[in-house]
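Participant: I have a structure here, written as structure tokens, and I will follow up with some questions on it.
Any read-out appearing in this document is the output of simple, stated calculations on the displayed coordinates, not a laboratory observation. Given the structure is predicted, the values throughout are model-derived calculations rather than measurements. Cβ placement follows ideal geometry from the backbone for every residue including glycine, while neighbour counts extend to all protein chains displayed.
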Amino acid sequence: MYWPDIVKFITLVLSRQRFRTIVLWVAIAIGVVAVNLLTALGEGAKSYVLSEFNVLGRNTLITLPGKKETKGGMPPLTGESPRPLTLKDAQAVSRLAGVKAVAPLVLGNIEVSYSGKLREVLMMGSSRSFFDIRHLDVGQGRLLPDLPFNKGESVCVIGNKLSRELFASKPALGEWVRAGDSRFRVIGILKEGGTSFGFDMNDVMIIPVVNAQSLFNKDGLFRMFTEVRSHQELNNIKAKIIALIKERHEGEEDVTVISQDAMLSSVQKILDTLTYAVTGIASISMLVAGILIMNMMIITVSQRTKEIGLLKALGATSATVRLLFLSEAGLIAVVAALSGLLVSHAVLLLANSYFDDIQFHSPWWAQLGSILLAVLLALLFAWLPAQRASSLAPVEALQGKQQKGQA
Amino acid sequence: MIELSHLEKSFQIGDQTVHALDDVSLTIETGEYVAVMGPSGSGKSTLMNILGLLDRANAGQYLLDDINVSDLTEAERTHVRSQKIGFVFQSYHLVSRLTARENIELPMMLSGVPAKQRALAVDEILEKLSLVDRAHHSPNQLSGGQRQRVAIGRAIVMKPSILLADEPTGNLDSTSGAEVTALLESLNAEGITLVVVTHDQAMGDRARRQLRMLDGRLT
């Protein structure tokens, strides 16, 4: 048989038995869609959890005053400490070899006002390096100036939402905002961003650290972020920071230094469970899709036992019959699987444009796996009944017998 | 020419062995018109299937144009079948998704005849069977007589030397039955060997040679 004739024969089967074709098509496509959407859901949940714990960066250490246990959860965000962590400590740490940048942080809630409008915001006092370490950038204007920790300036960078609420559509840059009994000139507006480590970065005001210390009237730092030059040095520098501060605090080890790795290890169990869940979801959906495709193929091919007998009576060899049925199954499986993939991508695109915080992506192994699975199963379960029917004597197949040996 | 000697065929039904063919020897010359008659279960359909290489005998020898087809592999038998034998079935066995024309073309397509040659041969057959205006109809748009004419067209498109018809008029009313019988006889008159299995005494009587079967034996 010539291959153009094979193609013609197959397209006639698929185009003139439209109901059967559509049912098969939908069954295979649903299988592929199920696998891709379910794994995307699982992967999305997993990467959401990971990103929540990923905000620090691998090269960053957090130093907080007081000796704390970090096992079993997040460190408390507020803590009393007998001896505060000071700006001088931060300066000393920034001079350690291997330290790339240090950012002190003072935190407090305060009312800010502009031409009669009053807002309660989170006030952060820090330095230029804070923006680098926390990957913050301005959409308009500029960052805080690069001042020594002990030099202040009456300037501020504000969050996106705060800017809109205080200034509406008016330009905010250059305007003076009152906070407590001080006034700060707006020099930058942060880019629209989500939450960073629990803080809504759209609703903050950032000023130089000494200005914040005098505003809140306290010496101690809430946190100190340290970025190291390379990840290998992280533990080494962690020890150096503890030693340095112990020396500066008269031999008392009263700070806690934590790294992202330490925090991640405490949620590693959750991540492992999520990975197992994703794999489980993918396997189950593949199994269900596989059984669906298997049943559809077996039924539709078995229904054509008579046709197989007829083709053989008319001079088709068993090899020709198998070739016809396998190429037919292969063609519909490939087309249906690809359209299923297309549909899952469309659905994911839609979901991703709807949700900001969590992004769904079907991993490459699920995409490849679902297509291979669909095509291989379709071929296998077209081959089995076609093989059985074509090995029957033509007369038995013509009588529509399902098995050898039945009279 | 068909030469059968001492053919045996038995089926196992439950724990009973049924002898469908019991020591059947038979010679049919090229161009003969033979009717095989007998009650149901007498083995005439089994004989037909073996003659058509659709089934194999358990024992005995079958020479078809001096080829011992009993010894051939299934692929070789398929080839011989497509070149030498045409089938007409009681229930037509047309492929319902194909048009009349495509059904007639099917055996040529399966044995790899080029498309141009196929078109010529099919045109000729449509003309001969007065099916030109039905060529693009699907089988379920055709009457029983027309369906059987399409099936006959499909059986003769490869220009076989033998035409095997199993109750060709069994599903037809008497008028279409007579038309189909006349068509088969005119093909026989052109030289094809015609073997008809039938219950119908009237049809059997028209054949030049009648074979009667009872319990797997020729009588």
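Participant: Read through the list (1) more than 10 Å from chain A (Cβ to nearest Cβ); (2) of a type outside the set (S, T, N, Q); (3) under 19 Å from the mean Cα position of the chain (by Cα); (4) not in a helix (DSSP H, G or I), then give the number of the only condition that B:LEU94 fails.
Facilitator: (1)
Participant: Would you please name the residue that is farthest from the other protein chains (Cβ to nearest Cβ), looking only at residues in segment B:101-130 that are among the acidic types (Asp, Glu) and closer than 22 Å to B:THR78 by Cβ?
Facilitator: If we take residues in segment B:101-130 being among the acidic types (Asp, Glu) and closer than 22 Å to B:THR78 by Cβ, then B:GLU105 is farthest from the other protein chains (Cβ to nearest Cβ).
Participant: Consider segment A:281-325. How many of its residues are farther than 16 Å from A:ALA378 by Cβ and of a type in the set (Val, Ile, Thr)?
Facilitator: 7
Participant: Something else about it: Name every residue in segment A:296-337 that is more than 9 Å from chain B (Cβ to nearest Cβ), part of a helix (DSSP H, G or I) and without any contact (Cβ under 8 Å) to a residue 12 or more places away in the chain, in order of residue number.
Facilitator: A:ILE299, the sole residue that qualifies.
Participant: So, one more: With respect to A:GLU120, determine if the residue is among the acidic types (Asp, Glu), farther than 28 Å from A:LEU85 by Cβ and within 34 Å of the chain's Cα centre (by Cα).
Facilitator: No.
Participant: Which of the strands (runs of 3 or more DSSP E) found entirely inside segment B:134-219 contain at least 3 residues meeting this: within 14 Å of chain A (Cβ to nearest Cβ)?
Facilitator: Result: B:162-166.
Participant: Look through B:ARG118, B:ARG56 and report the one residue that is among the charged types (D, E, K, R), part of a loop (DSSP other than H, G, I, E, B) and surrounded by fewer than 21 Cβ atoms within 10 Å (Cβ to Cβ).
Facilitator: B:ARG56
Participant: Are any of the residues in segment B:38-48 away from chain A (no Cβ under 12 Å) and surrounded by fewer than 18 Cβ atoms within 10 Å (Cβ to Cβ)?
Facilitator: Yes; the residues of segment B:38-48 include at least one that is away from chain A (no Cβ under 12 Å) and surrounded by fewer than 18 Cβ atoms within 10 Å (Cβ to Cβ).
Participant: Looking at segment A:107-128 only, could you name the residues that are of a type outside the set (D, E, K, R), touching a residue at least 24 places away in the same chain (Cβ under 8 Å), surrounded by fewer than 21 Cβ atoms within 10 Å (Cβ to Cβ) and farther than 16 Å from A:ILE189 by Cβ?
Facilitator: A:LEU107, A:GLY108, A:ILE110, A:SER113
Participant: Looking at (1) under 30 Å from A:ILE133 (Cα atoms); (2) crowded, with 22+ Cβ neighbours inside 10 Å, which one does A:ASN36 not meet, given that it meets all the others?
Facilitator: Failing condition for A:ASN36: (1).
Participant: Out of B:GLN146, B:GLN201, report the one residue that is surrounded by fewer than 19 Cβ atoms within 10 Å (Cβ to Cβ) and either more than 14 Å from the chain's Cα centre (by Cα) or over 30 Å from B:LEU7 (Cβ atoms) (or both).
Facilitator: When all the criteria are applied, what remains is B:GLN201.
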